[in-house]
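What follows is a single structure, written as C-alpha cells, with notes after it.
Only the coordinates and a few stated rules stand behind these numbers; no lab work does. Small disclaimer: the values here were computed from a predicted structure and weren't measured. In this analysis, Cβ positions are derived from the backbone assuming ideal geometry, glycine residues included, and neighbour counts consider all displayed protein chains.
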Amino acid sequence: MEPSGRQCVDRPERPVQLTLNGEDVDGPLIEVLEAGDLTTRTLTNAGDREEVLTLTRYGQPEGDTEAGGNGYAITRRYMTLEGLPADPSEVTVGARLVVVLDVSGFNDRTARLMVNDPLPAGFEIDNPNSLRGGDISALGDLGLTDYTDHTEFRQERFLAAVTHQGGDPLRLAYIVRAVSPGSFHHPAASVEDMYRPAFRAQTASGHVVITE
C-alpha cells in the first residue's frame with residue numbers, strides 16, 4: 001500500500017548570484033588592499049531575490065586616535081601617589097603614577113565589559129598589591145570599583161573584565177613606574193561590550209615624555 005498524504009521533496013537552494021565589477025563572485029570574497037588604494041568596486045546582485053551582504057574590514061587608522069564611542073564613554077587620567085593631578089608628558093625615570101580609568105554607560109543594560117589600557121613603551125606596571133592592599137592612603141577616597149570579574153597586569157597593558165550595570169559608576173586604577181627615558185606614543189584606552197562589540201568607546205591617544 002502506498003502511503004497517503006503529501007511528500008516533502010528537498011529542492012536544492014538556488015545559488016547566490018553576485019558580480020563584482022561585472023565578474024561572477026563564486027564563494028566568499030577576500031581582498032587584501034594596499035594603503036592608499038582608491039579603486040572603486042561595484043558589487044551587483046544579478047539574481048531575482050534579496051541577498052544579505054556582510055562586510056568586514058581590518059586595518060590600522062593613520063595618525064592619532066580621537067576620543068569617541070557608541071553607548072559608552074571612557075576617560076584616562078594620571079595622579080601622583082599623593083592624590084594630585086599628574087601630567088604623563090612630564091615624567092622622570094623612577095616616578096610612580098596612578099592611572100585612573102572611568103567608564104560610563106548611556107543606558108541601564110547589564111553588560112560584560114572588557115577594559116583595555118595599553119602602556120606606552122617607557123612605562124611598566126608597578127606592584128598591583130600596593131593599590132589593592134590600600135598602601136596608598138591618599139587615594140582612599142578615589143571610589144574604585146571593587147566588583148571586577150578578572151584583572152590582568154601584563155607587561156604591556158592593563159586588562160579588566162567587569163559585569164557592569166550601565167547606570168553604575170565604573171572606576172579602575174593601577175600604578176605605573178617610568179623606567180626608560182624617551183618620547184613614546186601613548187595608545188588609547190578602550191572599553192568594549194564583549195557580546196555586543198558595536199557598543200564600545202576609546203580615549204584619545206597621546207604622548208609620554210620621560211626624562212632622566
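Brief remarks on what is shown
- Vicinal HN-Hα couplings computed from phi for the range 49-54 (Karplus, 6.51 cos²θ - 1.76 cosθ + 1.60; Hz; Gly/Pro x): 9, 6, 10, 9, 10, 10
- Charge tally around Ile74: other residues with Cβ under 15 Å, Lys/Arg +1 each, Asp/Glu -1 each, net -1.
- Applying both filters, DSSP loop and at most 14 other Cβ atoms within 10 Å, to the chymotrypsin sites (Phe, Trp or Tyr not before Pro) of the range 163-212 gives Tyr195.
- Residue order, fewest to most beta carbons within 10 Å, for Ser89, Ser190: Ser89, Ser190
- His186 long-range amide H proximity, modeled H, under 5 Å: Gly206, His207, Val208
- Using θ = phi - 60° in the Karplus curve 6.51 cos²θ - 1.76 cosθ + 1.60, the 3J(HN,Hα) couplings for the range 169-180 round to x, 10, 9, 10, 8, 7, 10, 10, 10, 7, 10, 9 Hz; x is entered for Gly and Pro.
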